[in-house]
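Written out below as structure tokens is the structure these notes cover.
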Amino acid sequence: MSTRRDTTALDDSRLPVRAKLVAAWTSVVFLYAYVDILGFFVPGKIDDILVGVVFEFDITQTLLTTFLVLMAIPILMVVLSAVLPARASRITNLVVASVQVPYAMFNAVGESWTYYYGLAVVLEVVLLVVILRLAWTWPRRVASPVAAVTGVHEEPLGTQRH
């Protein structure tokens, strides 16, 4: 009698929290970039840029440097989420995502295209809430019974090398 293996089941391995955070921050970066790029199609937007104005501000080196710094934050979070130690990554994600929520909402202030910018804000806030939830619920490592008995730097009894 042969048993037939179910070949339709997909591997659903758990993705580490770090990978989920990196993916979420990458999505935030792409969303910010594409909202800005597609925003160039809003009538009058390029005309304003050509005369040196963006969102009621004169385009200056200081303004563009400020924009760069604001964009660099989620860009750097992609890397920091991956390389910082777990505790530092968790705290950094909680702080930065919390600060980014009001910043994301501010981007829609004064815009006449409420559906477009409103949807952009909703999507950005949803991603930031996902980041906050992932960081807040970051799983704790459970100490193995062997490590608890022997200590971290000792070998378990019976496995010492001679």
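The values are calculated or read from the model by the stated rules, or taken from the named source; none is laboratory data. Predicted model, so just to flag it, every value in this text is computed and none were measured. Glycine also receives a Cβ, built like all others from the backbone with ideal geometry; neighbour counts cover every protein chain displayed. Note: accessible area is taken over every heavy atom of the protein model, side chains too, but ligands, DNA and RNA are not part of it. Shrake-Rupley method; radii C 1.70, N 1.55, O 1.52, S 1.80 Å.
Go through the range 124-131 residue by residue and turn each phi into a ³J(HN,Hα) via Karplus (6.51, -1.76, 1.60, θ = phi - 60°); whole Hz please, and just put x for glycine and proline.
Per-residue couplings from phi come out as 5, 5, 4, 4, 5, 5, 4, 4 Hz.
Over the range 1-124, what relative contact order in percent results from Cα pairs under 8 Å that are six or more residues apart?
RCO, the range 1-124: 30 percent.
Could you give the accessible area per residue of the range 36-135, probe 1.4 Å, as a whole number in Å²? Before the final figure, lay out the partial values.
Numbers: 6430 Å² over 100 residues.
With the other protein chains kept in place, the range 36-135 gives 64 Å² per residue.
Whose amide H sits under 5 Å from the amide H of VAL54, counting only residues 5 or more places off or on another chain, with H placed in the peptide plane?
ILE59
Which net charge results when you count Lys and Arg as +1 and Asp and Glu as -1 among the other residues whose beta-carbon is under 11 Å from that of VAL54?
Surrounding charge for VAL54 is -3.
For LYS20, what is the net charge nearby, where nearby means another residue's Cβ is under 11 Å from its Cβ and Lys, Arg count +1, Asp, Glu -1?
Residues close to LYS20 contribute a combined charge of +3.
How many nm separate the modelled label positions at VAL69 and THR8, each set 7 Å beyond the Cα in the direction of the Cβ?
So the two model labels end up 5.7 nm from each other.
What is the local net charge at GLU111, summed over the other residues whose Cβ is closer than 15 Å to its Cβ (Lys, Arg +1; Asp, Glu -1)? Write down the numbers at each step before the final one.
Details: positive: LYS45; negative: ASP36, ASP48, GLU56, GLU124.
For residues surrounding GLU111, the net value is -3.
Report the Cα centroid-to-centroid distance between the range 116-135 and the range 27-67 in angstrom, as an integer.
If we compute the Cα centre of each part, the gap is 20 Å.
Please say if the range 1-83 is rounded, prolate or oblate, where rounded means a/c under 1.5 for a ≥ b ≥ c the square roots of the C-alpha gyration tensor eigenvalues, and otherwise the choice is prolate for a/b larger than b/c and oblate otherwise?
oblate
Through the Karplus equation 6.51 cos²θ - 1.76 cosθ + 1.60, θ set to phi - 60°, convert the phi angles of the range 31-42 into ³J(HN,Hα) values in whole Hz; use x for Gly and Pro.
5, 4, 5, 6, 4, 5, 5, 5, x, 5, 7, 5
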